[in-house]
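Asker: This is the structure I have questions about; it appears just below.
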Amino acid sequence: MEYIYASLLLHSAKKEISEDNLKAVLNAAGIQVDDVRVKAVAAALKEINIEEVLKNASAMQVAAVAAPA
Amino acid sequence: MEYIYASLLLHSAKKEISEDNLKAVLNAAGIQVDDVRVKAVAAALKEINIEEVLKNASAMQVAAVAAPA
Amino acid sequence: MEYIYASLLLHSAKKEISEDNLKAVLNAAGIQVDDVRVKAVAAALKEINIEEVLKNASAMQVAAVAAPA
Amino acid sequence: MEYIYASLLLHSAKKEISEDNLKAVLNAAGIQVDDVRVKAVAAALKEINIEEVLKNASAMQVAAVAAPA
Amino acid sequence: MEYIYASLLLHSAKKEISEDNLKAVLNAAGIQVDDVRVKAVAAALKEINIEEVLKNASAMQVAAVAAPA
Amino acid sequence: MEYIYASLLLHSAKKEISEDNLKAVLNAAGIQVDDVRVKAVAAALKEINIEEVLKNASAMQVAAVAAPA
Amino acid sequence: MIKMAVEIQQKKIAKWKIDEVEELTEELKKNKTVIIGSLEGFPADKLHEIRKQLRGKAIVRVTKNSLFQIAAKNAGIDVSKLEKYLIGPNIFILTNDNPFTFSIFFEKFKLKRYAKAGDIAEEEVVIPAGDTGFSAGPVLSTFGKLKIKTRVQEGKIFVAEDTVIAKPGSKIPDDAIPILQKLGIMPVYIKLGLKGAYYEGLLIPSNELKIDLGQYASNIAKAYQESMAVAVEIAYPVPEVLKVTIGKAYRNAMALAGESGYLTPETAENVLSRAMAKAYALASALEGKVDLGINIPK
């Protein structure tokens, strides 16, 4: 999940989720960066609306909590 | 959430969530680091068993999806 | 809910939820204090075990979050 | 949680959650105010939609309370 | 499910879900194509708002999570 | 999600989810293939027992579908 | 002036009344709060319970409204505000404490009494199984009317099983009243109804005087949960909050991995199940239109 956490970190800091930025963050965390993975994550995330996904995840959470046991 | 994503990044990289490590990651993401906040987050996280919390969060998700019937 | 938040603030500061303390906090928040209401809140909260209520509220929240099954 | 209670007190009184207002409320509750922390909380709360968060929390609560344990 | 996966592949690539395209994809996956089925799938999907169905799948997941046990 | 649908297509056709097979399917769908992503997907799937994962995912799904949403 | 008037009328007014007014005036001057309660329907023999419970906390006075009115005026109370309450038999509670402390006390203060004709049950009224003490005789038909199963043993009426004769909110059957008395069952609560309180010139009517403690407790719970929700959202750095925030961050990450199709061993289940959810949704939409040769789980 490191690559996803790094992406969310950049997203919440309102920085571009570019390969370079990802690498910088991962390196700072002492992670040996895998070029293929960085490229793959950056490409995959370009195709989706992260804000939307996070909003849905949070809605789902509310719904989950709202479900009576 | 930046501080939390940075913490999870460190955690998943099996690095200590120390003030210095947090600062390094946040800086790499281009985030202006607030010393006091870093200190507070690092201190609070020391009291939490993150592995346990993640396991619960993950179990919850499976349960949530699997649960309705 | 102002009077309730003010009461929780005093509670978490380990101060007595007395009429005077409530008035001081509400005034500081720029709230026009209603004498009768302050009296009602102070009297009612004397009868309530706030620590217990908070513990239950927190357990409930955890349960709700953990419990979609 | 004092800083959060103080913030919500101001919010429910429709007052700005500024550093000065927070300090006034916390002082009135007899709390030794930590300047940096006040700054951090005020800044963090500016970034979220409190009304939205409260709405979700309250939806959650109703459901949880309604849950037949 | 092969025909469905092939259709979703075409849909997410923003390609037309035509008989020819379905056949090409299925063939590439080494699947013996059933002409009648391809025809039927292509015809049926023309009548469906796929985007809507997929959105509902997410909604369904949310609902599933929200569904009381 | 194209790479995922292509993988599921190959899996359900009982074909190996190799880089070449993925490329063939994606090409047949008229998708410009990103070598790095193909590599990443194929590598990730090699590390997991896809049958097992799909069984779990499917169980989850069945539950979700069965939910009286 | 008033003293003079009293002196002039001395022949007509009994001394005890004058003494009582004087005493009450002094007490009213010494206490900031007056609570007026209705003694309508309140059994006189239970008054001592109230006196006992409030000893040391408040002065309890039962007096004529006219005497109270004079004393209140003498003590400088704006009686016009209280006039509407000075009707019917009243009890006056004088204190320097918070009036709400007493309204909470009276909310909890419950005595029981025997049922009278026309009483409404506040809770289930049960005739318990066992010996009733009644000798077998005409009273048996009353048990019959109340649909209570009985048997006669050694000439006494025994109730066969616990029997509910009135549900909350329904009238207690008149026929049951002597039976309940004989069994020593007091099914009716006596409560002192408060009409209002006068506090330093302010009038607090009964509806405002009433405190719903349950509502307060649930408001505290709500305030706490709202505070937690806000704290989680800003990652307020205390352990109890960060636990929840971490869970949220993790689920955000999983959702993002799932929606973007970012596949790693860790995310595989999540990613694939999302893809399958979509596939099943589409297959369901085609159901009945196309034979896909598959079973869509239902």
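The values are calculated or read from the model by the stated rules, or taken from the named source; none is laboratory data. Not measured: the values here are computed from a predicted model. In this analysis, Cβ positions are derived from the backbone assuming ideal geometry, glycine residues included, and neighbour counts consider all displayed protein chains. For the accessible areas, the whole protein counts, side chains as well, though only heavy atoms, and no ligand, DNA or RNA atoms are used. Shrake-Rupley method; radii C 1.70, N 1.55, O 1.52, S 1.80 Å.
Table: residues versus (1) of a type in the set (K, R); (2) surrounded by fewer than 24 Cβ atoms within 10 Å (Cβ to Cβ).
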| residue | (1), (2) |
| --- | --- |
| G:A231 | no, no |
| G:V244 | no, yes |
| G:R251 | yes, yes |
| G:S260 | no, no |
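Asker: Can you tell me how many residues within the stretch B:30-45 are within 22 Å of G:G247 (Cβ to Cβ) and more than 11 Å from the chain's Cα centre (by Cα)?
Answerer: Number satisfying all stated conditions: 4.
Residues checked against (1) modelled with pLDDT of 90 or more; (2) crowded, with 16+ Cβ neighbours inside 10 Å:
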| position | (1), (2) |
| --- | --- |
| F:Y5 | yes, yes |
| F:L10 | yes, yes |
| F:L22 | yes, yes |
| F:A29 | yes, yes |
| F:A43 | no, yes |
| F:K46 | no, no |
| F:V53 | no, yes |
| F:V62 | no, yes |
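Asker: Looking at this structure, is G:E27 of a type in the set (D, E, K, R), touching a Pro at 6+ places or on another chain (Cβ under 7 Å) and at pLDDT 85 or above?
Answerer: No: the conditions fail for G:E27.
Asker: What number of residues within the stretch B:12-49 satisfy the criterion of being in contact with a Leu (Cβ under 8 Å, 6 or more places away or on another chain), assigned to a helix (DSSP H, G or I) and closer than 20 Å to G:P239 by Cβ?
Answerer: 7
Asker: Quick one: how many residues across the stretch F:9-30 are within 15 Å of G:L263 (Cβ to Cβ) and at the interface with another protein chain (Cβ under 7 Å from one of its Cβ atoms)?
Answerer: Looking only at that region, the number is 2.
Asker: Name the pairs: first residue in the stretch G:63-83 and farther than 24 Å from G:L47 by Cα and in contact (Cβ under 8 Å) with a residue 24 or more places away in the chain, second residue open to solvent by less than 60 Å² (accessible area, probe 1.4 Å) and of a type in the set (D, E, K, R), Cβ to Cβ under 9 Å, at least 6 apart or on different chains?
Answerer: G:A75/G:E27
Asker: Identify, by number, the condition in (1) modelled with pLDDT of 80 or more; (2) outside any helix (DSSP H, G or I) that G:R274 doesn't meet.
Answerer: (2)
Asker: Against the condition open to solvent by 60 Å² or more (accessible area, probe 1.4 Å) and in contact with an Asp or Glu (Cβ under 7 Å, 6 or more places away or on another chain), how does G:A129 come out, does it pass?
Answerer: no
Asker: Based on this model, can you work out whether G:F42 counts as in a loop (DSSP other than H, G, I, E, B), closer than 30 Å to C:L45 by Cα, open to solvent by less than 40 Å² (accessible area, probe 1.4 Å) and not β-branched (V, I, T)?
Answerer: Yes; evaluated as a whole, the condition is true for this residue.
Asker: Within the set of pairs 6+ apart or on separate chains, which have a first residue in the stretch D:3-24 that is closer than 19 Å to C:H11 by Cβ, a second that is of a type in the set (D, E), and C-beta atoms under 8 Å apart?
Answerer: D:L8/G:E226; D:L9/C:E2; D:L10/D:E16; D:S12/C:E2; D:A13/C:E2
Asker: A follow-up question, please. Which ones in the stretch G:98-118 are under 26 Å from G:D175 (Cβ atoms) and surrounded by 18 or more Cβ atoms within 10 Å (Cβ to Cβ)?
Answerer: G:A115
Asker: Next up: For a quick check of your reading of the model, give me the residue pairs whose first member lies in the stretch G:267-281 and is more than 7 Å from every other protein chain (Cβ to nearest Cβ), whose second is part of a helix (DSSP H, G or I) and open to solvent by 10 Å² or more (accessible area, probe 1.4 Å), with beta-carbon atoms closer than 6 Å and at least 6 apart or on different chains.
Answerer: G:N270/G:M254
Asker: Right, next: Applying the selection to the stretch D:31-41, what residues are within 14 Å of chain G (Cβ to nearest Cβ) and open to solvent by less than 50 Å² (accessible area, probe 1.4 Å)?
Answerer: Across the stretch D:31-41, the qualifying residues are D:V38, D:A40, D:V41.
Asker: With (1) over 25 Å from the mean Cα position of the chain (by Cα); (2) open to solvent by 70 Å² or more (accessible area, probe 1.4 Å) as the list, and G:L180 as the residue in question, which single condition is left unmet?
Answerer: (2)
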